[in-house]
Every structure is written in C-alpha cells, then in structure tokens.
Amino acid sequence: MGKHNEFGRKGEDLAAEYLVKQGYKIKYRNYRYLKAEIDIIAQKEEILAIIEVKSRSSDYFENVADTVTEKKIKLLLTAADHYVINQDLDVEVRFDIITVLKNKNGFEIEHLKNAFYHF
C-alpha cells in the first residue's frame, strides 16, 4: 500500500474514532456501489451521515467543500440512495465532509455538516 493510501486510511480511522466520540454509530466503512465509494456511513439518532473524509498533510488547502466535485457528489448520492433503499431505512440523510489535517502537533479534525446539497 502506498504512503498516500496509508495516510488516507489513517485519516478515515481518526474520523471514525471522532464520530464515535460524538455519539455516532458507524454503520459502514468504504461502502461501494457501482463506481461510487462512501468513506463512512454513520448514524446518530434519526440522521444518517454520508461522510467523505479528506486527509491533508499541510496547512495549505482549498475550501474543503470545493474539493468534492460535482461528479463525486453524484456518485455519493447514487451510493447513498442504494444503501438507504437496500437497508429499508427511514432516516434523514445528510452529506458531511471530515477533514483530517496532519500538522506538527499531531492531527486536527474538522467536521463540516451539510457540506453540500442536492436540489
């Protein structure tokens, strides 16, 4: 596994730990449907959070919401729809981004809820 893949996996692990500490239950990690992959599916009460994890190793990065392309959003929506229907869930679905920034002091986690909307 390449270093960037290991770092990405570490970021997803830290994001999952963060979510559990915030009261979420991890339902699925790396859920795949067709060409789509959802990093983390987590639930807290009646909200199902579809989470894209972005790991960074420097202080410079663009607006995190801008890092998720329109194509990626469509893929996430397709996979989320499939998961909800397949599991026969009656929940509110929310799309979040969690950034994991590695800096000199360790890791910093930011959780952006409702990161994008589908109209």
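The values are calculated or read from the model by the stated rules, or taken from the named source; none is laboratory data. Keep in mind it's a predicted model, so treat the numbers as computed, not measured. Ideal geometry is used to build each Cβ from the backbone, glycine not excepted, and the neighbour counts take in all protein chains shown.
The residues of the range 94-114 that are in contact with a helix residue (DSSP H, G or I) (Cβ under 6 Å, 6 or more places away or on another chain), of a type outside the set (S, T, Y) and under 19 Å from Y31 (Cα atoms), listed by number, are I97, I98. Of R29, R9, all but one fail to be under 15 Å from the mean Cα position of the chain (by Cα) and at pLDDT below 95; the exception is R9.
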